[in-house]
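Peer 1: Have a look at the structure that comes next, please.
No value in this document is a laboratory result; all are computed from the given coordinates. The shown structure was predicted, so the numbers you read here are calculated from the model rather than taken from an experiment. Here Cβ is always computed from backbone atoms with ideal geometry, including for glycine, and neighbour counts include all displayed protein chains.
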Amino acid sequence: MQKLDYKEVSGLSGKEIDAKVTEMRRAIFDMNMSKATSGIEKPHQLKIAKKNIAKLLTAKKAKGE
């Protein structure tokens, strides 16, 4: 998972943002489950995913959708 740039996020439509947020939340859930059961190789990915969700929701709110 890589960091999203706000510029590329702001170019997405509302439905695309919703889809990405759902995808990121699912990824966070999966990482948390892996972390609880066996441990994850790259724990910093959780932090990146949470920040990506924040960027997506900020862009959506700025558009007024």
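Peer 1: Filter region 16-65 down to the residues that are in contact (Cβ under 8 Å) with a residue 40 or more places away in the chain and out of contact with any helix residue (DSSP H, G or I) (no Cβ under 8 Å at 6 or more places or on another chain), then identify the one that is nearest to MET1 (Cα to Cα).
Peer 2: Per the criteria, the residue is ILE48.
Peer 1: Residues that are surrounded by fewer than 15 Cβ atoms within 10 Å (Cβ to Cβ) and in contact with a Ser or Thr (Cβ under 7 Å, 6 or more places away or on another chain): list the helices (runs of 4 or more DSSP H) wholly contained in the chain that include at least 3 such residues.
Peer 2: Working: elements: 6-10, 14-37, 44-63.
Output list is empty.
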